[in-house]
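To keep things clear, I will list the structure first and then write my remarks on it.
The values are calculated or read from the model by the stated rules, or taken from the named source; none is laboratory data. Remember, it's a predicted structure, so these values are computed and weren't measured experimentally. Every residue, glycine as well, gets a Cβ built from its backbone with ideal geometry; the counts of neighbours run over all protein chains shown. Ligands, DNA and RNA are stripped out before the accessible areas are found, and what is left, the full protein with its side chains, is counted by its heavy atoms. Shrake-Rupley method; radii C 1.70, N 1.55, O 1.52, S 1.80 Å.
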Amino acid sequence: MALLNDLLNLNLSDHTEKIIAEYIWIGGSGMDMRSKARTISKPVSSPSELPKWNYDGSSTGQAPGEDSEVIIYPQAIFKDPFRGGNNILVMCDCYTPQGEPIPTNKRHNAAKIFSNPEVAAEEPWYGIEQEYTLLQKDVNWPLGWPVGGFPGPQGPYYCAAGADKAFGRDIVDAHYKACLYAGINISGINGEVMPGQWEFQVGPSVGIAAADQVWVARYILERITEKAGVVLSFDPKPIMGDWNGAGAHTNYSTKSMREEGGYEIIKKAIEKLGLRHKEHIAAYGEGNERRLTGRHETADINTFKWGVANRGASIRVGRDTEKEGKGYFEDRRPASNMDPYVVTSMIAETTLLWKPT
Amino acid sequence: MSLLSDLINLNLSETTEKIIAEYIWIGGSGMDLRSKARTLKGPITDVSQLPKWNYDGSSTGQAPGEDSEVIFPQAIFKDPFRKGNNILVMCDCYTPQGDPIPTNKRYQAAKIFQDPAVAAEEPWYGIEQEYTLLQKDVKWPLGWPVGGFPGPQGPYYCSAGADKSFGRDIVDAHYKACLYAGINISGINGEVMPGQWEFQVGPTVGIASGDQVWVARYILERITEIAGVVLTFDPKPIPGDWNGAGAHTNYSTKSMREDGGYEVIKAAIEKLKLKHKEHIAAYGEGNERRLTGRHETADINTFSWGVANRGASVRVGRETEKDGKGYFEDRRPASNMDPYVVTSMIAETTILSKP
């Protein structure tokens, strides 16, 4: 309605110095995002200028009712694409009142790994390819699919256009611009092999920033699907059978890998990842066994293998990297519902800090 | 229709000095808000420049047909709907002879806040106003399937997503509209029950708190009207395993905010305990359906308090305990409470009454 939009789009900076800060955190399932807003007296440019806050942890399965306060610490700020002006989104992580990270706070440990001098010296870059599926509200069946039935088999949909092939593009395009506006390093988007499935990429971003940006990009996507009346799913295998799953392929490089002779470093890093395959898989997302079958451009979950330009491998090295003798590699194992704090820091830890015994 | 919007958004300050003042008052139920507008020569910057007005009290259950009521302007705010130099005016109601009518709770509250002992303590209030949005005509919560129920509580608190969060445009439009109007709105969040939301007003001093909450409620009702959604302040809109709606009132005095304040807080809580029944009687109709001891409430017949305890009548935050000073939260008031009554009663009991 015209007048509601006028209010939503009010430019407050003409009337007050106050800004609205939307504090975002991860809830009790490790995947549910929560947020609430507060008024701040004037514009800020760094998270350190923002106060810590708290929320009712008993409502998100993170604290008992008699001692319910969970404290949220601001860690990264972005421009708010919904409120505009000087308003901001604030990515936070969660602590007890005594200052200990709560069990579902995976950022804290990731930050420790990234501040390790050996890791920091290698400037680890991440490019994360976040896949996701859009579902029709109430029926929870993929967008564009006939209710009670299936679309034609995969083939025509990857990067397609057309009313019979691409479903939900407005959401994807709105998200792309919203993320760029917010200051997220979103590098691209594409329609995926399964109809109703899409992908956006964030990166290359350094260290802990990669995961902060992926989480806020996920939040912005959930806000946009909410507006569009469509349900967002990060399930790694939303539809059983001959339909692709959804992953979060994680591209990775270190300073040494990007320099002359880097390809040898890459191969050594891949060796180390191979020795810790089980540990990584356990942390790469719930339900991944339904997705990593060896079919549909995945490697079987129990097998570790790598190859150049091989999309059926656990790890793929691009032809450019092989040719130039330096570059990056792609860990194709993480599921779409992985926690980027866990995955990015674990890859850094295994390849830079861990020594095989 | 584009032409209607053009007219609604006309910027009159380019063509005339006249402004529109929307006079708002509380009607006969003590909860229904009423308003009407008049043209005045502007701009108006202070309440004292506004004339008293009157309305037909027999149409709002507040007067017999022959003798209409008089409204006194008490606080002004910028009008977020008409914008420009136009204003909203919060009023209270008097007989033509100048006596407050029975439903005028502001008058008595103002007397309490002017008491020198109370004024010296600069009482601050932060009010957490919860409310539920309902689908028009069926009066079933927004986002709920008609004839059925959504999945149980858990996913909805502070959530986003088309399957979890219903009515955000209303809430966000209200947040900006209130900031524009000059209301000290400090935040918003989605609540535990789907379709339920909360905004907070404060910290605000004395009588201003009640004025601002009432005008914020008015702005919310105007916005839900635009959105075609029904607003309810019922404290337990859906019986069963669904949270109710409250108006938790955070409170502090000068002494509580200074060193040693925690002792003053504890003494104040003791005084509140002694007057539990009187407060409960004034904390909103239907509160017994909400204060059951479940769903983050304390039972209506029990007075309890605790640090970080959301199942208590009064909650003290961990920061306050740690710093030895601060504020406390009275969790008893229902969403349909009258903030004039609740804020002044808390001040009266904790500052003026002797145990």
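Some notes on this structure:
- Pairing residues of the range B:256-270 that are without any contact (Cβ under 8 Å) to a residue 12 or more places away in the chain with residues that are polar (S, T, N, Q) and surrounded by 18 or more Cβ atoms within 10 Å (Cβ to Cβ), at Cβ distances under 7 Å and at least 6 apart in sequence or on separate chains, gives B:V264/B:S255.
- For first residues located in the range A:51-71 and on the phi > 0 side of the Ramachandran plot, partners that are part of a loop (DSSP other than H, G, I, E, B) and surrounded by fewer than 21 Cβ atoms within 10 Å (Cβ to Cβ) and lie 6+ apart or on another chain with Cβ distances below 6 Å form the pairs A:G61/A:G28.
- Test result for A:N310, at negative phi, free of Cβ contacts under 8 Å to residues at least 40 places away in the same chain and touching a strand residue (DSSP E or B) at 6+ places or on another chain (Cβ under 6 Å): yes
- Failed criterion for B:V118 (all others in (1) farther than 30 Å from B:T253 by Cβ; (2) more than 8 Å from chain A (Cβ to nearest Cβ); (3) open to solvent by less than 50 Å² (accessible area, probe 1.4 Å) hold): (1)
- Residue satisfying condition, being within 19 Å of the chain's Cα centre (by Cα), of a type in the set (G, A, S) and open to solvent by 30 Å² or more (accessible area, probe 1.4 Å), within set B:A347, B:A281, B:A334: B:A281
- Applying the set (1) under 25 Å from the mean Cα position of the chain (by Cα); (2) more than 9 Å from every other protein chain (Cβ to nearest Cβ) to A:D32 leaves exactly one unmet item: (2).
- A:E289 vs. criteria open to solvent by 10 Å² or more (accessible area, probe 1.4 Å), within 21 Å of the chain's Cα centre (by Cα), closer than 29 Å to B:A160 by Cα and within 14 Å of chain B (Cβ to nearest Cβ): no
- Test: residue in the range A:163-171 that is touching a strand residue (DSSP E or B) at 6+ places or on another chain (Cβ under 6 Å) and within 14 Å of another protein chain (Cβ to nearest Cβ): yes
- Failed condition for A:I239, given (1) under 26 Å from A:S29 (Cα atoms); (2) open to solvent by 40 Å² or more (accessible area, probe 1.4 Å): (2)
- The number of residues in the range A:187-239 being more than 14 Å from chain B (Cβ to nearest Cβ) and in contact (Cβ under 8 Å) with a residue 24 or more places away in the chain comes to 30.
- Residues satisfying the stated conditions in the range B:91-109, i.e. under 12 Å from B:I207 (Cα atoms), surrounded by 18 or more Cβ atoms within 10 Å (Cβ to Cβ) and of a type outside the set (K, R): B:A109
Here is a yes/no grid of residues against (1) more than 30 Å from A:M346 (Cα to Cα); (2) in contact with a Ser or Thr (Cβ under 7 Å, 6 or more places away or on another chain); (3) within 8 Å of another protein chain (Cβ to nearest Cβ):
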{"position": "A:L8", "(1), (2), (3)": "yes, no, yes"}
{"position": "A:R38", "(1), (2), (3)": "yes, yes, yes"}
{"position": "A:K42", "(1), (2), (3)": "yes, no, no"}
{"position": "A:G57", "(1), (2), (3)": "no, yes, no"}
{"position": "A:I72", "(1), (2), (3)": "no, no, no"}
{"position": "A:P81", "(1), (2), (3)": "yes, no, no"}
{"position": "A:N86", "(1), (2), (3)": "yes, yes, no"}
{"position": "A:H108", "(1), (2), (3)": "no, no, no"}
{"position": "A:A111", "(1), (2), (3)": "no, no, no"}
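- Filtered residues of the range B:121-134 (kept if surrounded by 18 or more Cβ atoms within 10 Å (Cβ to Cβ) and assigned to a loop (DSSP other than H, G, I, E, B)): B:E121, B:P123
- Enumeration of residues in the range B:157-183 that are free of Cβ contacts under 8 Å to residues at least 60 places away in the same chain, open to solvent by 20 Å² or more (accessible area, probe 1.4 Å) and part of a loop (DSSP other than H, G, I, E, B): B:D163, B:K164, B:F166
- Among residues of the range B:61-90 being open to solvent by 20 Å² or more (accessible area, probe 1.4 Å) and charged (D, E, K, R), the one that is nearest to the chain's Cα centre (by Cα) is B:K78.
- Candidate set from the range B:140-155 (those that are in contact (Cβ under 8 Å) with a residue 12 or more places away in the chain, more than 9 Å from every other protein chain (Cβ to nearest Cβ) and assigned to a loop (DSSP other than H, G, I, E, B)); member that is nearest to the chain's Cα centre (by Cα): B:L142
- Selection from the range B:184-208 of residues that are charged (D, E, K, R) and over 12 Å from the mean Cα position of the chain (by Cα): B:E191
- Members of the range B:17-60 that are open to solvent by 50 Å² or more (accessible area, probe 1.4 Å), closer than 20 Å to B:Y340 by Cα and at pLDDT below 90: B:S29
- Where a residue in the range B:287-303 is farther than 18 Å from B:T132 by Cβ and its partner, wherever it lies, is not in a loop (DSSP other than H, G, I, E, B), with Cβ under 8 Å and at least six apart: B:I300/B:I280; B:I300/B:N287; B:I300/B:E288; B:F303/B:L272; B:F303/B:K273; B:F303/B:H276; B:F303/B:V314
- Evaluation of B:D137 against the conditions (1) outside any loop (DSSP other than H, G, I, E, B); (2) out of contact with any Gly (no Cβ under 6 Å at 6 or more places or on another chain); (3) charged (D, E, K, R) shows that the sole unmet condition is (1).
- Counted residues, the range A:184-211 - those being in a helix (DSSP H, G or I) and either open to solvent by 10 Å² or more (accessible area, probe 1.4 Å) or within 12 Å of A:V172 (Cα to Cα) (or both): 2
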